[in-house]
Amino acid sequence: IDVAVIWISHLDVVNLTLGLGLPEPSVLQPVWDYFLQYHQAELRSPLFPVVISVSTYLLLVTLYTLLDVLAPSWPTLNRYKLHPDRPVTWDNIWTTLGLTVYNHLVYVFPATVGQWLWRPPIPLPRKAPTLTSFLLGILGCTVVFDFQYYLWHLLHHRVPWLYRTFHAMHHQYLQPFSLVTQYLSAWELISVGFWTTVDPLLLQCHCLTTWGFMMFTICVSTEDHCGYDFPWSLHRLVPFGLWGGPPKHDAHHQMPGTNFAPFFSHWDWLGGTNMDNTRE
């Protein structure tokens, strides 16, 4: 009810400002006001970004793993799998889940406790970002992250020692599924976490934009590894083949010398490492 009242009041202000020709306030302001009023302590905690990141990932892999379990006996679902004749086994699930839990207990949890102990509470601005700055901020961070990981990924494939030591673990599975997303060495997990944290700071994003970017990268990274090519997959919605999606990342696991960029396709086009594998 409180959210509805805030939102209705906000719409009245929007109508008034539009009628007077004044700048329109952010459509995100009512939501941000609600968070500040009722959840400010949680939002200011250094633990909050970790909590939303881990929660988002666990929710997504739970949903995709449920699909993996159902797919062999559900032909309508199984036909969207990139490898319908190769079901995900329980051994695959427990092995990847075990490393995920280990990484979070040994690396993520101590880092989280360290932030909680030594990092001061996050200052929260009173104003929400405009919808345009929110979306452009997420897009900008995604473009920067995509370039960073492309270089990291390319380097760790081209230098044999780096591949064997840090990245080969991720390629143990030739047909990725959602839990392979974080089937990573500690170094790779730390690298990804570092860029995800630093890029919004470099672009001076609002904290709401930062959290949106974190959740977005987890969503698209998990989709890239899910092993499904649904009609609503992001690579089918973004025009001109600019977004790689599950087929291209699956092709990377099949042919490790291709498709190094995590999200977009342009760096692989320019670098001559693009490999199309889109199902019709």
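The values are calculated or read from the model by the stated rules, or taken from the named source; none is laboratory data. Keep in mind it's a predicted model, so treat the numbers as computed, not measured. Positions of Cβ are generated from backbone atoms using ideal geometry, with glycine treated the same way; all protein chains shown enter the neighbour counts. Heavy atoms of the whole protein, side chains included, go into the accessibility calculation; ligands, DNA and RNA do not. Shrake-Rupley method; radii C 1.70, N 1.55, O 1.52, S 1.80 Å.
Observations on the structure shown:
- Any hit, the stretch 139-162, residues being buried (at least 17 other Cβ atoms within 10 Å of the Cβ), farther than 21 Å from His253 by Cα and either modelled with pLDDT under 95 or polar (S, T, N, Q) (or both): yes
- Gln254 open to solvent by 30 Å² or more (accessible area, probe 1.4 Å), touching a Lys or Arg at 6+ places or on another chain (Cβ under 8 Å) and on the phi < 0 side of the Ramachandran plot: no
- Pairs where the first residue, in the stretch 56-69, is part of a helix (DSSP H, G or I) and the second is of a type in the set (Gly, Ala, Ser) and open to solvent by less than 30 Å² (accessible area, probe 1.4 Å), C-beta under 6 Å, 6+ apart: Val61/Ser178; Tyr64/Ser178
- Leu105 being assigned to a helix (DSSP H, G or I) and under 23 Å from the mean Cα position of the chain (by Cα): yes
- Pairs where the first residue, in the stretch 38-51, is within 13 Å of Pro121 (Cβ to Cβ) and the second is among the aliphatic types (A, V, I, L, M) and in a loop (DSSP other than H, G, I, E, B), C-beta under 8 Å, 6+ apart: Gln40/Leu124; Leu43/Ile122; Leu43/Leu124; Arg44/Ile122; Arg44/Leu124; Ser45/Ile122; Pro46/Ile122; Phe48/Ile122
- Residue within the stretch 90-101 that is within 18 Å of the chain's Cα centre (by Cα) and under 28 Å from Leu124 (Cα atoms) present: no
- The one condition from (1) over 18 Å from the mean Cα position of the chain (by Cα); (2) surrounded by fewer than 16 Cβ atoms within 10 Å (Cβ to Cβ); (3) not charged (D, E, K, R) that Tyr173 does not meet is (2).
- Residues in the stretch 112-126 that are part of a helix (DSSP H, G or I) and touching a residue at least 24 places away in the same chain (Cβ under 8 Å): Thr112, Gln115, Trp116.
- Residues within the stretch 109-130 that are open to solvent by 40 Å² or more (accessible area, probe 1.4 Å) and not basic (Lys, Arg), tallied: 13
- Any chance Phe230 is without any contact (Cβ under 8 Å) to a residue 24 or more places away in the chain and surrounded by fewer than 17 Cβ atoms within 10 Å (Cβ to Cβ): no
- Answer residue from the stretch 44-99, given it is of a type in the set (Lys, Arg) and closer than 19 Å to Val180 by Cα and is least open to solvent (accessible area, probe 1.4 Å) among those: Lys81
- Residue in the stretch 191-206 that is nearest to Val54 (Cα to Cα), counting only those that are over 15 Å from the mean Cα position of the chain (by Cα) and open to solvent by 40 Å² or more (accessible area, probe 1.4 Å): Leu201
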